[in-house]
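The values are calculated or read from the model by the stated rules, or taken from the named source; none is laboratory data. Source: prediction; values computed, not measured. Glycine also receives a Cβ, built like all others from the backbone with ideal geometry; neighbour counts cover every protein chain displayed. In case anyone asks, the SASA skips ligands and DNA or RNA and just uses the protein heavy atoms, side chains included. Shrake-Rupley method; radii C 1.70, N 1.55, O 1.52, S 1.80 Å.
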Amino acid sequence: MEDETVEVCLHVYDMTRGMAQLMSAAILGKQIDGIWHTGVVVYGREYFFGGQGITSCLPGETILGQPNQIHPLGVTQIPFAIFVDYVQGLADSTFRPDAYNLLRHNCNNFSNELAQFLCGNSIPQHILDLPTEVLSTPFGQSLQPLLDSLSASSSQGGIPVLPLDLDGGRRSVNRAPSPGAVALERAIEDARRDSLKLEERRNTILEKVEKLEKKKAKKQLQQERQSSSSSTSAPEKKMADASEANSAREGSEEENSKAPREPPIVFKDLIDVRKEYESLAECIAKVGQDDDHQSMAELKQYVIDDEGSWALGDNFLLFIAKWLNDDKPCNDRLRVQLLTVLASAALKDDVILILHQDRRDHVLMNYAHNIDRLPMSEQEALALFMCNLFENGSSSEWLLYISEWTAPHTTLPLSNIRVTTKVAVTALLSDNPLLQDRGSAIIYNLAIKEKMERTRDFAELMPRGALSKVFDDVATELAMAILQFFSAEHSEEHIFRCMKGLLRFAYIAHSEVPALIKMIGPDPTQFKGMSARIDELVEPLLDRLRSVRGMD
């Protein structure tokens, strides 16, 4: 069996789970698709290198879950016994646990070494070049001391992995493992599988909640229509349905708003909705068709006549998708006017009914995900729309949904909270003052949102602290953007908004954000004296830095 040809492949994992692709252009100044971890799969096992040395497990059962990519490397005819001896030699020499370095001697270097030994091929060069590519940027250079410190401590108290089992039990050894070690290994494997199953179950539950809401809404509408008399007009039926939905929502919001809530930063007085609508209508009149004119009439009823979301037909989201995805330069003004009118609609308490209709196709969020590719005028209008969605609790909660979908034409997993984070960071780090203003507003709104009680959508399904879990994946990215923003001079208002966010994210992200503040700076004390309200934020932030081990 050892003389048979054996396939060799490379498992590639993005340790940021898509966040690098979302945030790298704004933070590093260049696009990076992922922070890659790799393992070599051969002889029915996956072999990789980390802070605890060379480790193996069943393919695809690392703590990172299933690989993002699988690259065939070739085949090998090297006998298994020779392979095990070779890897054991590496484990005792160049790939000892204390030799691990996150930047210069990591899992990818080991994978490349193993691939060349087994089949004479290298792993993809862009994976090997990633540390150099990151460190070539000014921001990457500022991170190097932090990365070095993380690398030095990676073998102490890291994420538990399986004990070294290079041959997966294929050959006998001089000393059998103790029953306690075997039990521990099984317990770790079981815990890892349970964690993956729990995450899958949570996502499944959230999807079921979304479907249930849609079914309830349809059922309620059918009951209203059946109970209505034949003389009742269609608009009256829609108004009755919307009125009942609004009453139910208001009652729920009243129950969930007993605690005082800090007001979000929105831009109510910035939009002359009648003027903006007329400009949009002028654009549509030149290029639109009959169904577009019908949607415009419905939009007028909603935003000008204030007749409620019942006025919007079933094809209204198709109208939005058609024009937001029409990237002809001649229609740039049309898209800006449409986004501005939607920014006015975002202030309405029933806008959530429109947002819920978009849960399947994700028209709005797929468009927002590409903010860094949009013309500046569209970026401004999009950021305005996102800011104003924080006006009401239900629409602001929609911005934080963690249910994932796949972005068009990619395998990148997206969620509302990830897209909201990308819009916030892109706007904040822009050179455009108007975008910076709206980006800082989104940062502030996210900070005060995190302090609220659990969302209604998740109240019965997720444990307490679940909303903080929503921010776990993005708090570090938001904090990094704030620290980069602080490297230049800004107004007291913008410093206050971002300091509010930095304080909140420092408490969410355990030690990661305090470590970034310590290593990258600037020192929060440099903002003392700007205003009394900033001083009130600096002191607890300093307390947080002192409370984290190793920050003194």
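Computed quantities for the displayed model
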item: Among (1) at pLDDT 90 or above; (2) part of a loop (DSSP other than H, G, I, E, B), the one test that residue 452 misses; result: (1)
item: Any chance residue 46 is modelled with pLDDT of 90 or more and either surrounded by 20 or more Cβ atoms within 10 Å (Cβ to Cβ) or on the phi > 0 side of the Ramachandran plot (or both); result: yes
item: Every residue from the range 101-124 that is over 24 Å from residue 78 (Cα atoms) and either in a helix (DSSP H, G or I) or touching a strand residue (DSSP E or B) at 6+ places or on another chain (Cβ under 8 Å) (or both); result: 106
item: Odd one out for residue 86 among (1) modelled with pLDDT of 90 or more; (2) within 20 Å of residue 42 (Cα to Cα); result: (1)
item: Selection count, the range 73-95, where residues are surrounded by 14 or more Cβ atoms within 10 Å (Cβ to Cβ) and among the charged types (D, E, K, R); result: 0
item: Filtered residue count, the range 413-446, keeping only those that are out of contact with any Phe, Trp or Tyr (no Cβ under 7 Å at 6 or more places or on another chain), of a type outside the set (S, T, N, Q) and surrounded by 20 or more Cβ atoms within 10 Å (Cβ to Cβ); result: 16
item: Residue within the range 272-290 that is surrounded by 14 or more Cβ atoms within 10 Å (Cβ to Cβ) and at pLDDT below 90 present; result: yes
item: Every residue from the range 22-39 that is over 17 Å from residue 132 (Cα atoms) and modelled with pLDDT under 80; result: 22, 23, 26
item: Test: residue in the range 59-72 that is of a type outside the set (Lys, Arg), modelled with pLDDT under 85, open to solvent by 20 Å² or more (accessible area, probe 1.4 Å) and touching a strand residue (DSSP E or B) at 6+ places or on another chain (Cβ under 6 Å); result: yes
